[in-house]
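The structure under discussion appears below in the form of structure tokens.
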Amino acid sequence: MTKGVLRGVPLAMQQDGWWLGAELPPSQPQGRVSAQRRWDMGKAALLLLLIALGDLLAWGIVPGVSLAVLGSAIVTAGLYVAWPRLRPRVRWAIIGGAALSLLPLVELVQPLSVLIAVTGLSVVCAALAGLGRRDLIRGALRLWWCAPRQTIDDTATATRALGNLNLAQTDLRALVLGWAVPLFATALFALLLIGANPVLDKGLMRLADWQLPVPHVARIWLWLALAAAIWPVLVAWRMRERLRWAAPARATVQAPGLFNAASVARSLVAFNALFAVQTGMDLLFLYGSAGLPDGISPATYAHRGAYPLLLTALLAGVFAVMARPHLAGRPALRWLMLIWLGQTLALVFASLWRLEAYVEVYGLTRLRLAAFVWMGLVAAGLALVAWQTWRDRPAIWMILRSGALGIATLYICAFVNFDGLIARHNLTHEVQRDTLALCRLSAGALPAMATLWDPAPRAACLDAHSVAPQLRAPQDWREWGFRNWRVRNSLAQIAKTTAAP
């Protein structure tokens, strides 16, 4: 079959008519494109404003309440951008979550309060992205990978948009006609007025001598860090699918592993026998009246067992969680597990007893106080595992409650003046007082030291050890902290009481 050719079609039409069979590229309405561009420019302006605010609140000062103010401003900006997409209930949850996350920074800027703020604001950012309750934790964890990626993608897009500007399409003639007369006439009149006014002339000469200050390299890095932290909050909704993404579940056949019914049964029998030996010795030496062998003092016996037994209890809890799936339908194994968990709890209480006995002799330290807190957490966690085993609860039940218990404990610890507790205990109990350790405490210990030890504890510490707690008064409101304020007020009251006749 031969092709038919229509004669008489002009060559120019043949060459320029290619577009008749081509598909037109998808286009958006011009109004929508302009609105989106204006919205992106508004977010860029908001970013610059927040960077300037962050520079004002963070550069050249000791961190204080300014960090909480900066975090509140960032969350407020992100909430403003995402406000139309969020339900009222989610908005209030975001406001409450941000307030709880930033409150420890108002109390005292320390590593724990910073960790709480960063973790809480990560969850808040995931909520700003529109994630549900089930995806919040996963989204907060994925944020640390998705946020830098989103920032890099948006920066590359903006760079390409700037590179695609076509100056050839600009109406230069209209631009010249519109601005030539105003610029030329204004410059001419300005020169005439400056020549006639010596004050303006002198001011202009001073302005000519002024040099633009070059920012410090560290300050530039601060701006970049602020931009990297702020921009993902402003564009959280764009990361919604990335944050919610999860790998598809694959149906796999679980191969027999090290944990099986037989290995769990043998382990529980051995563990119960081994723990029974330790429990019996604790009953004899800690709670009973049996004497220790020569060369081993009660303090040595107590100190040697406190921390290893805590680690033993932690490992026991991990084993109990991993062995739980093999207890289903086996009442004997379940009873062995419950007996072993009971013995593990007895070990934790014995560790607490040992630590308390050691503290009665040698006093409190930060490590010993932290051990008290962690032993209490381990005991509560083991109780949850025992209840989970007894009631046959799923693993997620125990994980959620253990996680909530740990988070609540850390959050409360951010508001506790541990150094003040240490100083008060060591100065009110008959212990082997370590004055050097007291002098190395933070400013939170000063009120207790001033009341119970010496009216001028800093001077005494400096004379004896050349080191003393440092109490720094804030230079302005940005360095203010609630704990620092309480300590200064307490010292002022003590000074008034001491000076009163």
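Numerical summary
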{"read-out": "Cross-chain or 6+ apart pairs with Cβ under 6 Å, segment 483-501 first and farther than 18 Å from L452 by Cβ and open to solvent by less than 60 Å² (accessible area, probe 1.4 Å), then in a helix (DSSP H, G or I) and modelled with pLDDT of 90 or more", "value": "R483/E107"}
{"read-out": "Residue count for segment 400-435, restricted to those that are closer than 22 Å to Y358 by Cβ, in contact (Cβ under 8 Å) with a residue 40 or more places away in the chain and over 18 Å from the mean Cα position of the chain (by Cα)", "value": "11"}
{"read-out": "Hits in segment 59-78 (condition: over 17 Å from the mean Cα position of the chain (by Cα) and closer than 19 Å to H216 by Cβ)", "value": "W59, G60, I61, V62"}
{"read-out": "Some residue of segment 453-461 being basic (K, R), surrounded by 15 or more Cβ atoms within 10 Å (Cβ to Cβ) and either part of a loop (DSSP other than H, G, I, E, B) or free of Cβ contacts under 8 Å to residues at least 12 places away in the same chain (or both)", "value": "no"}
{"read-out": "Residue that is surrounded by the fewest Cβ atoms within 10 Å (Cβ to Cβ) [pool: residues in segment 267-283 that are touching a residue at least 60 places away in the same chain (Cβ under 8 Å) and not small (G, A, S)]", "value": "V269"}
{"read-out": "Subset of segment 214-232 (residues that are without any contact (Cβ under 8 Å) to a residue 60 or more places away in the chain and among the small types (G, A, S))", "value": "A218, A225"}
{"read-out": "Number of positions in segment 465-482 that are assigned to a helix (DSSP H, G or I) and open to solvent by 70 Å² or more (accessible area, probe 1.4 Å)", "value": "2"}
{"read-out": "Of all residues in segment 74-87 being under 25 Å from W145 (Cβ atoms) and part of a helix (DSSP H, G or I), the one that is most open to solvent (accessible area, probe 1.4 Å)", "value": "R85"}
{"read-out": "Filter result for the condition that a residue is open to solvent by 30 Å² or more (accessible area, probe 1.4 Å), of a type in the set (A, V, I, L, M, F, W, C) and touching a helix residue (DSSP H, G or I) at 6+ places or on another chain (Cβ under 7 Å), over A371, A380, A386", "value": "A380"}
{"read-out": "Which numbered condition L212 misses (of (1) in a helix (DSSP H, G or I); (2) at pLDDT below 80)", "value": "(1)"}
{"read-out": "Complete set of residues in segment 119-135 that are part of a helix (DSSP H, G or I) and either open to solvent by 20 Å² or more (accessible area, probe 1.4 Å) or free of Cβ contacts under 8 Å to residues at least 24 places away in the same chain (or both)", "value": "T119, G120, L121, S122, V123, R133, R134, D135"}
{"read-out": "Criterion: at pLDDT 80 or above, of a type in the set (A, V, I, L, M, F, W, C) and open to solvent by 60 Å² or more (accessible area, probe 1.4 Å) - qualifying residue of W335, W340, W397", "value": "W335"}
{"read-out": "Residue selected from segment 181-209 under the condition modelled with pLDDT of 75 or more and open to solvent by less than 70 Å² (accessible area, probe 1.4 Å), by the criterion farthest from L67 (Cα to Cα)", "value": "A185"}
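Listed here are the residues, each with its yes/no results for (1) in a helix (DSSP H, G or I); (2) farther than 17 Å from V233 by Cβ; (3) of a type outside the set (A, V, I, L, M, F, W, C); (4) modelled with pLDDT of 95 or more.
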| position | (1), (2), (3), (4) |
| --- | --- |
| G54 | yes, no, yes, no |
| V62 | no, yes, no, no |
| R89 | yes, yes, yes, no |
| A99 | yes, no, no, yes |
| L103 | yes, yes, no, yes |
| V109 | no, yes, no, no |
| L112 | yes, yes, no, no |
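The values are calculated or read from the model by the stated rules, or taken from the named source; none is laboratory data. Remember, predicted model here, so these are calculated numbers, not experimental data. All Cβ positions, glycine included, derive from the backbone under ideal geometry; neighbour counts span all protein chains shown. Accessible surface areas use protein heavy atoms only, side chains included; no ligands, DNA or RNA. Shrake-Rupley method; radii C 1.70, N 1.55, O 1.52, S 1.80 Å.
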